[in-house]
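Below is one structure, written out as structure tokens; comments come after it.
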């Protein structure tokens, strides 16, 4: 599993995906030879998570990396010598862990005109109401959105923008980005023009949060400057997965 070191990397991936996810308008159409390298990915897939996830915390430019096993939920770091604990509560309505982003089974729909592009329906959280200075003043609701993805030109990997947005409570706002990627294992060949993806391996789902307030026990921190720094932390949770086609 490859973990991201901060929300900045999530943002970079988002920006890097944007041109590809916009489609072929304004660019060159791929040749038949190039299209032959892209495997057929359309259909239903079943995901298996690897059971643990990494947590990367950036506080004032200082990075802290850790791994959590399935029975762990707390990460402790020292900020200016002061111990700080972050508790990952996946049951919290405003905190989505990687395994909550992608359903156990999902359908991929591939663009017939440009098969490098595809879409996946995934649940995302949105603010149902007015947002004031990045804070949701209404209800946070879960909706279904079509996540755009793109396959690399060699047909070996893909990147998927799962969603993101602003969620918040009184005095606490989070900017969340959800991204995923993986390696495609295909049958067939480009020469025979029958490549078909059968498995996804080395998959990685990352949830990036700008704001540590929802997973931080502020009352346990005596020093105000340390508490303020921890509240403003950027946090990335990443989990590995594999997937196979459903017959």
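The values are calculated or read from the model by the stated rules, or taken from the named source; none is laboratory data. Because the structure is a prediction, the values reported are computed rather than measured. Cβ atoms come from the backbone with ideal geometry, glycine included; neighbour counts cover every protein chain shown.
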Single match in 12, 28 (criterion: modelled with pLDDT under 75, surrounded by fewer than 14 Cβ atoms within 10 Å (Cβ to Cβ) and under 30 Å from residue 189 (Cβ atoms)) = 28
Of all residues in the range 32-59, which are on the phi > 0 side of the Ramachandran plot and loosely packed, with under 13 Cβ neighbours inside 10 Å?
-> 51
Within the range 68-94, the residues that are farther than 30 Å from residue 199 by Cβ and not in a strand (DSSP E or B) are 73, 80, 81, 89, 91, 92, 93, 94
Test residue 80 against the stated conditions and say whether it is over 26 Å from residue 43 (Cα atoms), exposed (fewer than 14 other Cβ atoms within 10 Å of the Cβ), in contact (Cβ under 8 Å) with a residue 60 or more places away in the chain and more than 22 Å from the chain's Cα centre (by Cα).
-> yes
Inspect all residues belonging to the range 122-135 and state whether any of them is more than 22 Å from the chain's Cα centre (by Cα), more than 18 Å from residue 208 (Cα to Cα), modelled with pLDDT under 75 and part of a strand (DSSP E or B).
-> yes
Identify, please: which residue in the range 83-114 is within 20 Å of residue 246 (Cβ to Cβ) and buried (at least 18 other Cβ atoms within 10 Å of the Cβ) and is, among those, nearest to the chain's Cα centre (by Cα)?
-> 101
Qualifying position, being in contact with a helix residue (DSSP H, G or I) (Cβ under 9 Å, 6 or more places away or on another chain) and at pLDDT below 70, among 94, 177 = 94
Among the numbered conditions (1) modelled with pLDDT under 80; (2) exposed (fewer than 15 other Cβ atoms within 10 Å of the Cβ); (3) under 21 Å from the mean Cα position of the chain (by Cα), tell me where residue 71 comes up short.
-> (3)
Kindly provide the set of residues from the range 188-215 that are crowded, with 21+ Cβ neighbours inside 10 Å and at pLDDT below 80, ordered by number.
-> 209, 210, 211, 212, 214, 215
Do the conditions hold for residue 17, that is, is it in a helix (DSSP H, G or I), at pLDDT below 80 and touching a strand residue (DSSP E or B) at 6+ places or on another chain (Cβ under 6 Å)?
-> yes
Matching residues, the range 136-168, being modelled with pLDDT of 90 or more and more than 14 Å from the chain's Cα centre (by Cα) = 150, 151, 152, 153, 154, 155, 156, 157
